[in-house]
Amino acid sequence: RRNLDVEVRRAVEKEKAGAKYFLTQPVYDDKDIESLKYIKSFLSVPILFGVMPLVSYRNANFIRNELPGITIPDWVIDKFSMDMSKEEGEKVGLEIAFEIMEKVKNIADGYYFTIPFNRLSICEALLKKCAPLYEGLEHTLQELGKKYPLFIVSNCQAGYIEVFLKATGFGHYFKGHL
């Protein structure tokens, strides 16, 4: 646990230096979940868990072999087959993502999503499953909208804002987006 204790020490130092939250790498492995639970016990700031649905056997193996810091266990790889269609792969990837989100729901203070290959259908499925995003968000938008014209400005790829607005039903609160 020596390396884990080094990570705890670094996280605590970052919090003392002013960190307001932490973002994890995408999480798939139970050992990583337990490590993050341990680290969280030393912190008072939120930890947002990374969720990146995998979309194919090839994608899962690429992440496993080429991205340091992300552990893809065998059980995840085994859920995919090399001959799956795009739709089947996305469905399996989302099922895995939802399973992991269920496992970490008592540890995570929230989630952030990394959407592979600009697949907006995955983004929409995640938003629908995870809504409401924040308790009181809709009420806040209603109240702000009474006093101010609301816009969304983002540097995200084309399509994501539209998917967010459609999946949440919040489109009517905003005058536009860039």
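The values are calculated or read from the model by the stated rules, or taken from the named source; none is laboratory data. Here the structure is a predicted model, which is why all the values come from computation and not from measurement. Positions of Cβ are backbone-derived with ideal geometry, glycine not excepted, and every protein chain shown enters the neighbour counts. When the accessible area is computed, the model is the full protein with side chains, heavy atoms only, and any ligands, DNA or RNA have been set aside. Shrake-Rupley method; radii C 1.70, N 1.55, O 1.52, S 1.80 Å.
The single condition among (1) open to solvent by 20 Å² or more (accessible area, probe 1.4 Å); (2) over 18 Å from the mean Cα position of the chain (by Cα); (3) among the hydrophobic types (A, V, I, L, M, F, W, C) that I77 does not satisfy is (1).
Of everything listed in (1) assigned to a helix (DSSP H, G or I); (2) within 30 Å of E7 (Cβ to Cβ); (3) touching a Phe, Trp or Tyr at 6+ places or on another chain (Cβ under 9 Å), the single unmet condition for N65 is (3).
Does E135 qualify as being at pLDDT below 95 and either buried (at least 16 other Cβ atoms within 10 Å of the Cβ) or in contact with a Phe, Trp or Tyr (Cβ under 8 Å, 6 or more places away or on another chain) (or both)? In short, no. Applying the criterion of being modelled with pLDDT of 90 or more and in a loop (DSSP other than H, G, I, E, B) to the residues of the stretch 156-178, the residue that is nearest to G136 (Cα to Cα) is F170.
The listed residues are L126, L178, L150, and the only one of them that is buried (at least 16 other Cβ atoms within 10 Å of the Cβ) and in contact (Cβ under 8 Å) with a residue 12 or more places away in the chain turns out to be L126. Exactly one residue out of L36, L43 is under 16 Å from G69 (Cβ atoms) and surrounded by 15 or more Cβ atoms within 10 Å (Cβ to Cβ): that is L36.
In the stretch 86-105, is there at least one residue being part of a loop (DSSP other than H, G, I, E, B), hydrophobic (A, V, I, L, M, F, W, C), surrounded by fewer than 18 Cβ atoms within 10 Å (Cβ to Cβ) and in contact with a helix residue (DSSP H, G or I) (Cβ under 8 Å, 6 or more places away or on another chain)?
Looking for residues that are part of a loop (DSSP other than H, G, I, E, B), hydrophobic (A, V, I, L, M, F, W, C), surrounded by fewer than 18 Cβ atoms within 10 Å (Cβ to Cβ) and in contact with a helix residue (DSSP H, G or I) (Cβ under 8 Å, 6 or more places away or on another chain), one finds none in the stretch 86-105, hence no.
Residues that are in contact with a helix residue (DSSP H, G or I) (Cβ under 7 Å, 6 or more places away or on another chain) and either of a type outside the set (D, E, K, R) or surrounded by fewer than 16 Cβ atoms within 10 Å (Cβ to Cβ) (or both) within the stretch 106-120 comprise I107, Y111, F113, I115, P116, L120, listed in sequence order.
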